[in-house]
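Coordinate-derived values only; no laboratory data. It should be emphasised that the depicted structure is a prediction, and the values quoted were computed from it without experimental measurement. Methodologically, a virtual Cβ is constructed for each residue, glycine included, from the backbone with ideal geometry; neighbour enumeration extends over all protein chains shown.
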Amino acid sequence: MLYLGKSDIFNLVSFDELIDSIELAFRIYEQKSFQMPDRIHLHYRENTFLYMPCFTEDIIGTKVLTVFPKNTDKNVPVIQGLMLLNDVETGKPIALIDGASLTAFRTGAVGGVGIKHTAKEDCQSVGLVGAGVQGFYQLLFAAKVRDIKKIYIYDIFEDKLISFKEKLLEKLPDVEINIVNNTRELVEKSEIIITTTTSEKPVLPDDEKLLKGKHFIGIGSYKPNMREFPEALFKLLDEVYIDTDFAAEESGDLVIPLEKNWIKREQIKTFGKLLKDNDIKSDTTLFKSVGMALFDLVVANVIYSKAAEKGVGQKIIL
């Protein structure tokens, strides 16, 4: 069995390969050629344990994650975990992959695919609300799929923003990166807006005029009590695109608008269907992702295949 850590993952696969892998996962999802239960959540206080098994015709895998929001106070990563891959013919464990790095990389790619297919091709500015690990990779992939000239960043923890900006400049030296004082300014100056928070109330202004014509990527809300988008946004949308069907039950950004009749269930479309039909109906768009094990499985399989081919990784004898 191979163990693959953060540096292995980042050195093995390109952004283009990851984007292709996520698009493949969306096609597999629409074809229903996989088995995957709804994501299993266990909660203790504000902490979450996630158990995410899945298999396709080619591979079996399970990701186990812990999400401890207060770890930021201890200088410990909020998300930690492991991804186990098994041979589909024998069930034999073949790889153990760092779960936090895999999650960051594949979630960034999911957001990148969302931008690629829902945002206008000439968009050159992007705003990020939530300057954490997820936000960092969202911006890297945004800059991969669009010719981004300007980035605007906001976080309620202002002390994080300087180091976040410096780290981002190392990866995107030709992009102008700006720290803003509030999300109104961020939305005004950005064509694409990405949210990666765990907020329980909207992080954007409830202003239709301000939000109109923008492209929104929602990554943060993964519980029914979490919500990043205001009522005004849903009045502007013809359709909402989601990564998985159960996103409509899992995220407060869909649960609450459905309960309050701001949108109807028939307006919610899976992203795989959008890829198939290629039919955007509105100049204001929203892609809401909660993630799924199928993403992890497809991306992990690509990483493992390349590692095995190149002789990368630490061998573990079971």
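Helices in the chain, meaning DSSP H runs of at least 4 residues, each add -39500 (n - 2.57). Divided by all residues, the mean residue ellipticity at 222 nm is -11000 deg cm²/dmol. Among Ile22, Ile263, Ile194, which one shows the biggest mean-square fluctuation in a GNM of the chain, springs joining Cα atoms closer than 10 Å? Of Ile22, Ile263, Ile194, the Gaussian network model singles out Ile263 as fluctuating most. Sorting the Cα pairs of region 1-62 by distance into bins of 5 Å, from 0 upward, gives 4, 12, 15, 19, 22, 18, 9, 2 percent per bin. Around the amide H of Ile193, modelled in the peptide plane, lie the amide H atoms of Gly127, His215, Phe216, Ile217, all under 5 Å away and 5 or more residues distant in sequence or on another chain. Calculated translational diffusion coefficient of region 76-207 (25 °C, 0.890 mPa s; Stokes-Einstein with Kirkwood radius over alpha-carbon pairs) equals 154 µm²/s. Return, ordered by residue number, the residues of region 277-318 whose backbone nitrogen is under 12 Å from a label point located 7 Å along Cα→Cβ of Thr90. Residues 318 qualify, since their backbone N sits under 12 Å from the label point. P(r) for region 176-236, from all Cα pairs and a bin width of 5 Å, is 4, 18, 30, 27, 15, 5, 1, 0 %, short bins first. Between amide H atoms placed 1.01 Å from N, distances below 5 Å from Tyr3 occur with Leu96, Gln314, Lys315, Ile316, all of them 5 or more places distant or on a separate chain.
Which number comes out as Rg/Rh for region 245-307 once both Rg and the Kirkwood Rh are worked out on C-alpha atoms? Taking Rh as the inverse mean 1/r over Cα pairs, Rg/Rh reads 1.08.
Inter-part distance, region 172-247 to region 29-55, computed on C-alpha centroids, equals 24 Å. The distance between label points at Glu17 and Lys264 comes to 4.6 nm (points 7 Å beyond Cα on the Cα→Cβ vector).
In the chain the Cα-Cα distances spread across 10 Å bins starting at 0 as 6, 28, 36, 24, 6, 1, 0 percent of all pairs.
For region 66-113 and region 287-318, what is the centre-to-centre distance using only Cα atoms, to the nearest Å? Taking the Cα centre of each part, region 66-113 and region 287-318 sit 10 Å apart.
The mean sequence distance of close C-alpha pairs (under 8 Å, at least 6 residues apart), as a share of the length of region 206-318, puts its relative contact order at 34 percent. The H on the amide N of Thr270, modeled in the peptide plane, is under 5 Å from the matching H of Ile242, each at least 5 residues off or on a different chain.
Taking region 105-146 and a reference point 7 angstrom along Cα→Cβ of Ile156, the backbone N atoms nearer than 16 Å belong to 129-132. Each principal axis of the Cα cloud of region 187-318 was evaluated for its coordinate range; sorted largest first, these ranges are 58, 32, 31 Å. The P(r) of region 122-200 has a tail past 16 Å containing 41 percent of all C-alpha pairs. The share of C-alpha pairs in region 60-138 whose separation exceeds 20 Å stands at 49 percent. Projected label points at Asp207 and Glu185, each 7 Å from Cα along the beta carbon direction, are separated by 1.3 nanometres. In percent, rounded to a whole number, the relative contact order of the chain is 20, using alpha-carbon pairs under 8 Å and six or more apart. Using a Förster distance of 35 angstrom, determine the FRET efficiency expected from the C-beta separation of Leu318 and Glu170, and round it to 0.05. Computed FRET efficiency for Leu318 and Glu170: 0.35. Computed over region 137-210, relative contact order equals 32 percent, with contacts defined as Cα pairs under 8 Å that lie 6+ residues apart. Karplus-based coupling profile of region 107-116, in residue order and whole Hz: 5, x, 5, 4, x, x, 5, x, 5, 3, with θ = phi - 60° in 6.51 cos²θ - 1.76 cosθ + 1.60 and x standing for Gly or Pro.
What does the net charge come to around Phe271 if you take all other residues with beta carbon closer than 13 Å to its beta carbon, with K and R at +1 and D and E at -1?
-1
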